[in-house]
Amino acid sequence: TKTVSKCYVQVTGMTCASCVANIERNLRREDGIHSILVALMAGKAEVRYNPAVINPSAIAELIQELGFGATVMENCGEGDGILELVVRGMTCASCVHKIESTLMKTNGVLYCSVALATNKAHIKYDPEIIGPRDVIQVVKNLGFTTSLVKRDRSASHLDHKQEIQQWKRSFLVSLVFCIPVMGLMIYMMVMDHQLADAHAHHNMSSEEMETLHSSMVLEYQLIPGLSVMNFLSFLLCVPVQMFGGWHFYIQAYRALKHRTANMDVLIVLATTIAFAYSFVVLMVAVAEKAKVNPVTFFDTPPMLFVFISLGRWLEHVAKGKTSEALARLISLQATEATIVTLGPGNVLLSEEQVDVELVQRGDIVKVIPGGKFPVDGRVIEGHSMVDESLITGEAMPVTKKPGNTVIAGSINQNGSLLISATHVGADTTLSQIVKLVEEAQTSKAPIQQFADKLSGYFVPCIVAVSVVTLFAWIIIGFVDFEIVEKYFLGYNKSISRAEVIIRFAFQASITVLCIACPCSLGLA
């Protein structure tokens, strides 16, 4: 029979549903992977795999190759306790062997591996038989100092601060350059409108019209073929393309490297083509010393980057809100516990402060008034009122006497209690709630799976459609020029027919690309 193990991988850098589809599709192809479920919100992938063929770190590497950040999360192995220790004082391989062999002989230890280079020990144990403090004690008895690897309790992986900052910056850079570009565009539109009116009323000859047109400040040519308007637009467009679009370019490059297309590819494609096309047209005009200024699309990239980066920024703010709820839940957990040793007749012999991860099943834990319960347990001694509103929502404190159960994270009010730990670590009610919330974010609605699937095909389709548009208009133009003439208003009569058709076709296809680009499907 095939054994199937389960691991969780923390994934960063996912922005929309097509990223999720991309990871899922690529990993399913790999040998030894049975199934994979990726949660966009929790930033977490749950992978079921065959340990004989592949291991979790290899899975994380596969995800990294797709252009996302991935780290294997602390094994959520049900049943087995897992312990990561820092061991100091090891000098050579025989120390390692000594620790490993002693631990493996210890009853309840299932697996142990010690790395000399990193001073780390990785131990699997059966929590029914042995606990983390016993293991640490065994290592200490051998003459080494040891401590727990500090686990990050702050839920920092759910924190979107960095991304929020990054997109905010990207948005502001684009906005600063976008406003003048929009201003120029609006000014041009108004002026064109006035010219059209003037033309209609005064029946000016087209020569006079040209002189009026070129007298406009923005249409003034600095050198033949290069107007003030185009030059300014170009200057404003370059920084946006460079700095505003930086993140998009990186993501798009990574996606293309793996022959997948996501939203970033579309955005980069649309803006780069618009920018490159405009630049080329401008160069041609300068080379030809054209009297009439060419139509450029330098306004497209800044406008597009503004909207997309604003969208991304808002999206990360929203994600941050959801994740904040999880972080708050996690922050309710106590970090330390006071463990006591009882003598005959429940006499306190000693007490020590330990990390909450070191509490074992069956330990006696003392909780002082105002303290948080570190673990789930049963009261052995003492009477108190306990505020359990975090679980029950009940504002009134609940009376606790010997035999009653208490919940980790709830707050002891007036009396001191001794409790016997029943559920520790990942088994406490609070940890389970956190886990449930994370899982709820992991599981997808059927409609969402459908949307993910579609967005995988979305990008190639749009590119195909815009190419079809390009050729369709070229063909239409050469067959029946009047149609192009009807739609391509304001083109000047001095350029050749072929060029008018090609320019119009390009304009149409770039428009298709630019408009279809913000994958509305993915965002929705």
Residue-wise HN-Hα coupling along segment 133-148, computed from phi with Karplus coefficients 6.51, -1.76, 1.60 (Hz; x: Gly, Pro):
5, 4, 4, 4, 4, 4, 5, 5, 4, 7, x, 10, 8, 8, 8, 5
In bins 5 Å wide, starting from 0, what share of all Cα pairs of segment 21-143 does each bin hold, as a percent?
2, 9, 18, 17, 13, 13, 12, 9, 5, 1, 0
Pop the C-beta distance of residue 461 and residue 246 into the FRET formula with R0 = 30 Å and round what comes out to the nearest 0.05.
0.65
For residue 35, residues with placed amide H under 5 Å, excluding near neighbours:
48
Which value in nm describes the separation of the simple spin-label points at residue 223 and residue 481, placed 7 Å from the Cα toward the beta carbon?
3.2 nm
Label point distance in nm, residue 113-residue 342, each placed 7 Å from Cα along Cα→Cβ
4.1 nm
In sequence order, calculated HN-Hα J values of segment 110-126 (Karplus, 6.51, -1.76, 1.60; Hz; x Gly/Pro)
8, 7, 8, 9, 10, 10, 5, 5, 9, 6, 10, 10, 10, 10, 10, 9, 9
Can you give me the long-range amide H partners of residue 160? Hydrogens built in the peptide plane at 1.01 Å from N, cutoff under 5 Å, separation of 5 or more residues or another chain.
none
Quick shape check on segment 225-292: root eigenvalues a ≥ b ≥ c of the Cα gyration tensor, a/c under 1.5 is rounded, otherwise prolate if a/b tops b/c, else oblate, and it reads prolate
Cα-Cα longer than 30 Å, checked against 44/168; 150/435; 124/257; 120/435; 105/372, kept in input order, equals 124/257; 105/372
Treat every Asp and Glu Cβ in segment 333-431 as -1 and every Lys and Arg Cβ as +1, leave all other atoms uncharged, and give the resulting dipole magnitude about the Cα centre to the nearest 20 debye.
300 debye
Prolate/oblate/rounded label for segment 342-416 (Cα gyration tensor, a/c 1.5):
prolate
Take 336, 439 and sort them by solvent-accessible surface of the protein heavy atoms, 1.4 Å probe, largest at the top.
336, 439
Compute the whole-percent fraction of alpha carbon pairs in segment 245-380 spaced more than 24 Å apart.
63 percent
Take residue 162 and residue 426, extend 7 Å from each Cα along the Cα→Cβ direction, and tell me the distance between the two endpoints in nm.
2.4 nm
Segment 82-148: equivalent-ellipsoid semi-axes (sqrt of 5 x gyration tensor eigenvalues, Cα, Å):
18, 11, 11
Quick check for you: which residues of segment 91-106 have the amide N under 16 Å from the point 7 Å beyond the Cα of residue 137 toward its beta carbon?
103, 106
How much solvent-accessible surface does residue 6 expose, in Å² to the nearest 10, with a 1.4 Å probe and all protein chains in place?
70 Å²
Over all pairs of distinct alpha carbons, what does the Kirkwood formula give as the hydrodynamic radius of segment 5-73, in Å?
11.5 Å
For segment 353-393, I need the span (max minus min coordinate) of the C-alpha atoms along each principal axis, in Å, sorted largest to smallest.
29, 21, 17
Heads up, I need the accessible area for residue 163: 1.4 angstrom probe, whole protein in place, Å², nearest 10.
40 Å²
With all protein chains present and a 1.4 Å probe, the order of 150, 486 from largest accessible area down is 150, 486
What figure, in Å² to the nearest 10, do you get for the accessible area of residue 27 with a 1.4 Å probe and non-protein molecules left out?
0 Å²
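The values are calculated or read from the model by the stated rules, or taken from the named source; none is laboratory data. Just so you know, these numbers come straight off a predicted model, no measurement behind them. Cβ atoms come from the backbone with ideal geometry, glycine included; neighbour counts cover every protein chain shown. Side chains included, ligands, DNA and RNA excluded: accessible areas come from the protein's heavy atoms. Shrake-Rupley method; radii C 1.70, N 1.55, O 1.52, S 1.80 Å.
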